[in-house]
Every structure is written in structure tokens, then in C-alpha cells.
Amino acid sequence: MKKTTVLGVAAVAAATGWVARAAWGIPTQIGASRSTVQPYAAMSPRYRDRQFHNSEPSSTLVPGTDDALLRVKLLFDGVGCSG
């Protein structure tokens, strides 16, 4: 075998090994199963009855009120405009 062929095969083998090692944990990183997450979630004070609960009540904005208009202006000013 030529030296370049041996080096090429070694490079492909090394690259394949690197890709396989990098991809090994992808399924759990994308979304772990409930049974995997449960022990960690159980340590949270906000986790009860197999779900997370907000510690503070959420606020609602009534459309057309000053608070709602100001928040929309501050957060979304110019977003989605074509001009």
C-alpha cells in the first residue's frame, strides 16, 4: 500500500471516530426521557405533581390598555415592518 493511501485511511478512521464520539450524547441532549429528568426535577421546590409550577402568578395584559401598548412598543418596535 502506498503511504498516501495509509494516511488517507487513517484520517478517515480518525474523523469517523471523532464524529461518532461527538454524536454519542445527542439523543439525550436534544430531549431526555421523563425518567432521566425526574430525579433532577424532584430536587426543585417548584416541581410538584409531576410538573413545574410558577412561584409567582403570571400577569395578563388587557389589549388596548396603556400598559399593554407601552410593552408592545418597547418590545416589538420595528419587528416585522417592511419599511
* So, by mean Cβ neighbours within 10 angstrom, what's the order for 2-9, 67-74 with the highest one leading? -> 67-74, 2-9
* Spacing of the two label points (7 Å from each Cα toward its C-beta) at SER33 and ALA13, in nm -> 3.5 nm
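Here, each number is a calculation from the coordinates, and none is a lab measurement. Since we're looking at a predicted model, the values are computed, not measured. FYI the Cβ positions are ideal-geometry reconstructions off the backbone, even for glycines, and counts take in every protein chain you see.
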